[in-house]
1. Among 584-597, 346-359, how do they line up from the highest to the lowest mean number of other beta-carbon atoms within 10 Å?
2. Dividing the Cα radius of gyration by the Kirkwood radius, what Rg/Rh value follows for the range 687-744?
3. To the nearest 0.05, what FRET efficiency results for ALA684 and PHE534 with a Förster distance of 35 Å applied to their C-beta separation?
4. What Cys residues in the chain are without a partner cysteine, judged by a Cβ distance under 4.7 Å?
5. Could you go through the range 392-409 in sequence order and give the Karplus-derived ³J(HN,Hα) for each residue, using 6.51 cos²θ - 1.76 cosθ + 1.60 with θ = phi - 60°, rounded to whole Hz, and x for Gly and Pro?
6. Summarise the accessible area of the range 661-773 (1.4 Å probe, protein heavy atoms) by the percent that is carbon and sulfur.
7. Relative contact order for the range 368-503: what is it in percent, counting Cα pairs under 8 Å that are at least 6 residues apart?
8. With the convex hull built on the Cα atoms of the range 338-447, state its orientation-averaged projected area in nm².
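The values are calculated or read from the model by the stated rules, or taken from the named source; none is laboratory data. Only a predicted model underlies this, so the values are computations on that prediction, with no experimental measurement involved. Using ideal geometry, Cβ is built from the backbone for each residue, glycine included, and neighbour counts are taken over all protein chains shown. To get the accessible areas, we keep the full protein, side chains included, count just its heavy atoms, and leave off ligands, DNA and RNA. Shrake-Rupley method; radii C 1.70, N 1.55, O 1.52, S 1.80 Å.
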Amino acid sequence: MKRFLLAILGTGLLAIPPAWAQEAQQPAAEGEEEKTLTFTDTVVVSGSKVEEKVIDSPATISVITADKIAANPAQNFGDLLRAVPGVTVIQTSARDVNLSSRNSGVSTLNNSQLALLDGRTIYLDFFGMILWDWVPTSSEEIKQIEVVRGPASVVWGANALTGIVNIITKPPREAKGVVFTMNGGLFDRECDNCSQTDTGYNYGANVSIAQAPNERWSYKISAGYFNSDPFSRPTGRIPVVGDPRTADPNDTIGGALYPTDSATGVNAFENSETSQPKVDVRVDNDMESGARLSIQGGYAGTEGIIHTGIGPFDIQSGSYMAYGRVGYTQGGFKGAVFGNFVDAEAPNLLQNDPNNPGTPIQLNFTTQTYDAELGYTRVLGGKHIISLGGNARRNNFDITIAPNSEDRNEFGAYLQDEIFFEKFRIAVGARVDKFGNLDDPVFSPRVSLMFKPTPNHAIRGSFNRAFRSPSVINNFIDLDISNPNLDQIVNLGPALPPPLRPLAPPPFLLTINLSGSETVDPRYNLKEEGLDAFEIAYTGTFNRRTTIGLALYQNDKNDNINFTSLLPSAQFPQGLPGLSFYSPQNPARGITLTGQPVTLSPLLMTILGQVGVRFPYTVFSYLNLGPVRDRGIETSLDHYFNENLSGFVNYSWQDDLEVLDADANEIPYPTDEIALPPTHRFNAGLNWNSERFVGMAQVNYVDDALWSDVLTKEYHGFTDAYTLVNASFGVKWNEGKITTTLKCMNLLNEDVQQHIFGDIMKRSVALELKFRY
């Protein structure tokens, strides 16, 4: 019982522990051996919105601590999170990073992973994506990063479908002083079939000032800047290979041209650098009652390439996300309000607007998100931790490619009970959300049963249900594009009888319409994407130095929201129209290679139909597709050799996506939409942080993968397996007030392509100077 009460007190739920508990928490007396802090001792908040040790969390959580961040040679959050078991990271440009956990491949604009900064969402609701360079804090200010591997809608609501990344910063009192950091480096761009072969450069700086003038007030101000040249792009054609997703040996994928670098090429664009300024401010008021009022605000800008399923957009300089947040905590009560404000402009670099020849498709988006949240936690009867809360959110949208988009209100509430017995811990919780674009409320339950034969070993079985709401783009996109694949130029002359060939227009690119579900047909109205997750996990620590983790999971997803061509009518349930081909009533149109608009006459469309010429799918939209299944295994080992040196090794195995039988009223998951994730992922590393030296050596291996998130099969293809060897070494001078660190990513200079349309990553070397006052 005493051990149980100590665990409860460790969560911070009781403000004043009894005297015997205070004594138990005192550091070791002089001459006694100081116990090594283990991974399972780490306190996290992301699993339940309650402070608890990792080993007691009802969800599988990985933690990246400040010590590991300080030594990591990473240049972005993707590199920081790459070594987490079960996490797939892709970087497609100098600024574009996507990641997901326990998911069948990450796509451009991945939308299944929720991301938070001190509990404030940075997930962009209008598109369902995360721009990681819009995090306004530097690595020096981060206390720890908590990665929930698996769904967590029960407390975090929509979009925590496959996992959460929660970045937690240091309060001003924990970061007192001035830290000034400068870094600069270069990276190789020489490779075969690449757009650039010279050396690229990057540089950055950051300053953070944190002070506590008295016992009540403290503040932190930080500002930073990062700039990088573009990476090299692949050129030539996507290799043509047999389609591994079908049994027909004649089915192939690939063959589309990569965009060229030629100034006169029809399919050409110039890769862009990235520039990222950021500012962040926080003021805390620690009251005598134990309450804390925290006021925060910040700004993060970016520019550079963002890859999408319809080609790259170039985010223009001056695009930004700003935020303001006020939070209040006292005992078990927490409340917060925040606003996210986004303003960005991004022309497409490949697609011209067929309705305005010579003008690129323009993606401009201005959005405001307002959120208010309350939460309360209390211990009842010595055996229950009750937590409850809710939030209300308002989203305002102004998006050029969704001119008819509707603003949205969202409401949610949750209740969870964590029940303690001597060797058992049961977590039961549920959440209900109501979204303005969904007809019915969404119910997200959780049940977790944990058996702890000893305090340092836990076996857990759990069930979680999570969901993702359709984004405003899913519902309201309304955009015409021209097929950029030069192999699909429409040339009607040879298809017509000789006497009719003079009626044929010049060769042209066919217009394709991208329509949100609300603009195609009311019967396509999207439902939320759902996931049922089952997991068995073990966490155990031996001799307070070695922690072993094992997790086996199965994720069953249904009503998958996918951007896909509308299928022929016969393949739709209940006779839903396929809208698959142009017709005399809806004549084909497009633009010539010289940019002139073309619309075929109804007469010509009738003649073409009579001679058997039909144009391929012309409408793409977001559809709810039938069920699929992800399975995987994650193993990990973390070891503390001593207080300065630690190491880790982990291995993740993920099965290919399994398509399950669809119900009569569902659209079966199409073969062309299947992605094949990396089957094997392996990470290992050593981390050293002492009074004099700091350093890290790390290896990341990622198996080959098939990507299918860009248009049609001609654009689908494999990326090769790759191994990243990364290292850093730093020396602390003047009693730790100055640190010089040499950091290297991809030490072996391997050609690394992380997505079939992604840039080529080569060796990057940077020198960092850090001054502390």
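1. Top to bottom by mean Cβ count within 10 Å: 346-359, 584-597.
2. Numbers: Rg = 19.6 Å, Rh = 14.5 Å.
Over the Cα atoms of the range 687-744, Rg/Rh equals 1.35.
3. Given R0 = 35 Å and the Cβ-Cβ separation, E is 0.75.
4. So far as the 4.7 Å Cβ criterion goes, CYS744 stand without a partner in the chain.
5. Per residue, the Karplus-derived 3J(HN,Hα) values read 10, 9, 10, 10, 10, 10, 9, 10, 5, 8, 9, x, 9, 5, 10, 5, 9, 10 Hz.
6. Carbon-and-sulfur percentage of accessible area, whole number: 59.
7. On the way: 237 pairs, mean separation 22.6, N = 136.
That works out to 17 percent.
8. 10.7 nm²
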